[in-house]
Structure formats: C-alpha cells, structure tokens
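Beneath this line is the structure, given in structure tokens, with notes to follow.
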Amino acid sequence: IGMLRESHGMRGEEVTLAEVLGEAGYTTAFHGKWHLGDIEESYPHKQGFDEAFFTGYNQILSLNNRIAEGANASIGLFEDMLPKDPYKLDDTFITKGWVQIAEGTKGGATRQWGDNSHETYLKIDGEAQKRTIDFIERSAKAGKPFYVANWPNLTSFMPDPEKISTARSILQDGLQRNVDPFIGKIMDKLKELGIAENTLLVCMADNGPMSHNPPPGLGMAETIFRGGKGDFLEGGVRVPAQAWWPGTIKDGMLVGDMIHETDLFTTFARLGGALEHVPTDRVIDGVDQTSLLLNGDTHSRRDHVFIYAGPNLGATVKGNYKRHWISSDPVGESSGIPAAFFFLPADPREKSPMLINLIHLKSPFNRMKLRHELWKKKYPDAKEVFGIPWTGI
C-alpha cells in the first residue's frame, strides 16, 4: 500500500496494539505515516487509537504535485499542464483527487488536514512531532499510561537545495535534519516529565532501503546485506533498531539476537499488562521478547523467521542458515535438490548458494515449510478488504 487511491487496507476485524493496550487503560495516539490503507475501516482512529494524524500513503506523496510534474519527477498526473493529446479518449483514467493527510479521534469525526500541495507535505512531520510531544505531556500530567507511535515521512523526495550532510543524500539529510533531533527531543521531554525510567522508547528502520528504482539522490543503498525493500534477501528485512529504557536497559548493550517486528505486539502487551486482551481466535505471529529487553544478548525467544515475497513464501531462516524457496536454480529446484542453502555469517549477501556442504539441511527445512503450510491451511490468511477511499471525511 502506498500509491494514490489504493482502495483497500487493514480489515476492521484486525486487533491492533492500540486496542489491546486501550483495554488495559492506556491512552493511545498515532502520528505520521500510517500506510495501512485509505478505506474508512482502516483509519488508525477506527483501529483503536484515541487520536490520529496520518498519511495514507508513502513518501511518493511529495512528488504528487505541480512542482514535481513540471520537473518530470511525476509524469501525467496533472494533465492540464501538458499539451493536448489528440488521441486521448479517456479522461477518467488518471487519478483526479486524493487526501494527503487526515486527522481524527476515536468515535469522532475524520477531517482532511491541509491540501495536497508540497508545502503541506513539508509540514506533516513537524506537525506530527508537535502532536507527539503534546500527547506525551498531556498523558503524563494526567497520570495516564500511554502508547504513541510516530512514523515519520523522513523527507521529501524532492531534494532540499540546502544540504546539511556530507553525503548530500535525501536520506542522510532527512535523518540529520528531521528524525535524529526529534528523538533527542522525545528523550529530553521524558526526562523533564520525570517518566523516562517508566517509559520504553523503541526506534527502528522499516523494511530495507529503497534501493530499487529510487528517486535521484535518495542515498538509500545496500550495506553489508544484499537487496532492499520488498526482497526476501537479508537486505530487505534485516534493519537496525534501538531500545532505550533508563534503569532497565543497560547503556551500550549490543544485541545480536533475532527479533521480528511482530514481536513488539506481544512484548508491549506483556509490558503493559494487556496480554489478557490479546485475541485467542487467531494466530498471533509475535513472540514475547520481554526477556531480551530485560536481560540483553542471547535472551531472544526467536531463532527462525519465514520471509514472504508478497503472498509467496520466499525464504526461511533458521539460526545461521537460510533456504531460498524462490530459487535462482530452477533446474535444481525442479529436481528437488537445489543449490539454495546459505550460511549467513560467511555469506551475508547471499551470493554463494551451497548444496553438498549444507545438503543435510534439506530435510529439516522441508519439515519447517511443511509445518508452516499445514498451519496456514488450518488458519488461512484473511481476505483483503476493498472499498471507496477516503469516505467519512
């Protein structure tokens, strides 16, 4: 999800972290890039958040304007700026309208905020940060436990002429100009309010760099891991994260354990005393990683992960070993003995598939996949929901 007028999103039947923590007495807020749908049932304040200020799409929004159209960063979105096409038959094909950002409260109205201009886009993160700080302050002064998620747009894909990083990249400038200072403000505010030792702050990247077809000057590049956003390669899923909890998490700890983003759901529910509100009528992917936060390195409860490429299982990781199910060795794949095994410590870029020296892993990985498929057969994926975007505003 992320392109204009997606017309689908998260189902209303999903149970979010905001809902389970809300049941336990927490006040909740979402500010920033929601990116989970543009239909009404998927709005964050319809999914358990008490208040929300959100974009339905991704940073491509920053190119959906007349400035970008004039610079060819967007092509054909604003047809009135182009010479007339004598062969054009259809004037309904190109998107004509959308909502760039909206706000709402649980049980209250949903309103569009600002317009679809680039000037409004540039104000989104600043407004979201202001609201996050205000929400923390209000909650603390009211003596209410709180959960707030702030997902920044980070930057515009239209480069700022004023560079502040040596790299000159859109990414690095966005981090140094926008995200890093905001995290510092959050930490300072928690200390000022005297609640730092009772608050867990988690900062993390999303699913890999946008290394495929990025806008010019973005600066999102592969690191030691190969691949990027959307890949089942390590570069598409293995990203940095930090947790700060003064008095509980020791300063300077480096954790090498495996943790999955879905684990935050179960872990936060445990820490917030909300496990009893986690639904039992469905599979919960996340595992409780409280021990990892409290005790540090080697205390994760996860040693494997299934990685999907869209709806298809792309790879399975078990400890230091990985098997690609979508293989670059079609002959071996069809014969049942593909060279599709990888030893990640020695080959983090997944460039040297192995067969003979890792063939003993064929059966164990097959068993993992079989159990996974049987589990999914018993508990099939929920069907996507579709609808008219941006209703109820």
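The values are calculated or read from the model by the stated rules, or taken from the named source; none is laboratory data. In this text the structure is predicted, and so the values were computed from the model without any measurement. Here the Cβ is made from the backbone with ideal geometry for all residues, glycine too, and neighbour counts use every protein chain on show. Side chains are part of the model used for accessible areas, which takes the heavy atoms of the whole protein and leaves out ligands, DNA and RNA. Shrake-Rupley method; radii C 1.70, N 1.55, O 1.52, S 1.80 Å.
Among the residues of the stretch 240-256, none qualifies, meaning not one is acidic (Asp, Glu), farther than 30 Å from Glu19 by Cβ and at pLDDT 95 or above.
Of all residues in the stretch 346-373, those satisfying the criterion of being assigned to a helix (DSSP H, G or I) and either of a type in the set (Asp, Glu) or open to solvent by 100 Å² or more (accessible area, probe 1.4 Å) (or both) are Ile356, His360, Arg367, Arg371, Glu373.
For every residue, the table says whether it meets (1) in a loop (DSSP other than H, G, I, E, B); (2) open to solvent by 20 Å² or more (accessible area, probe 1.4 Å); (3) touching a Gly at 6+ places or on another chain (Cβ under 9 Å).
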residue	(1), (2), (3)
Met3	yes, yes, no
Glu6	yes, yes, yes
Glu13	yes, yes, no
Ala29	no, no, no
Glu41	no, yes, yes
His45	no, no, yes
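Number of residues in the stretch 225-284 that are buried (at least 19 other Cβ atoms within 10 Å of the Cβ), charged (D, E, K, R) and over 30 Å from Ser327 (Cβ atoms): the value is 0. The residue that is nearest to the chain's Cα centre (by Cα), among those in the stretch 305-326 that are surrounded by fewer than 17 Cβ atoms within 10 Å (Cβ to Cβ) and among the polar types (S, T, N, Q), is Asn312.
Residue by residue, here is whether (1) more than 22 Å from the chain's Cα centre (by Cα); (2) more than 16 Å from Ile60 (Cβ to Cβ); (3) loosely packed, with under 14 Cβ neighbours inside 10 Å holds:
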residue	(1), (2), (3)
Asp160	yes, yes, yes
Leu201	no, yes, no
Asp206	no, no, no
Glu222	no, yes, no
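Among the residues making up the stretch 242-297, those that are among the hydrophobic types (A, V, I, L, M, F, W, C) and part of a helix (DSSP H, G or I) are Leu264, Phe265, Phe268, Ala269, Leu271, Leu275, Leu292, Leu293, Leu294.
State all residues of the stretch 65-95 that are in a loop (DSSP other than H, G, I, E, B) and under 24 Å from Pro389 (Cα atoms); if no residue qualifies, say none. Lay out the reasoning, then the answer.
Here is the first cut: in the stretch 65-95, the ones in a loop (DSSP other than H, G, I, E, B) are 65, 71-78, 82-95.
Result: Asn65, Ser74, Ile75, Gly76, Leu77, Phe78, Asp90, Asp91, Thr92, Phe93, Ile94, Thr95.
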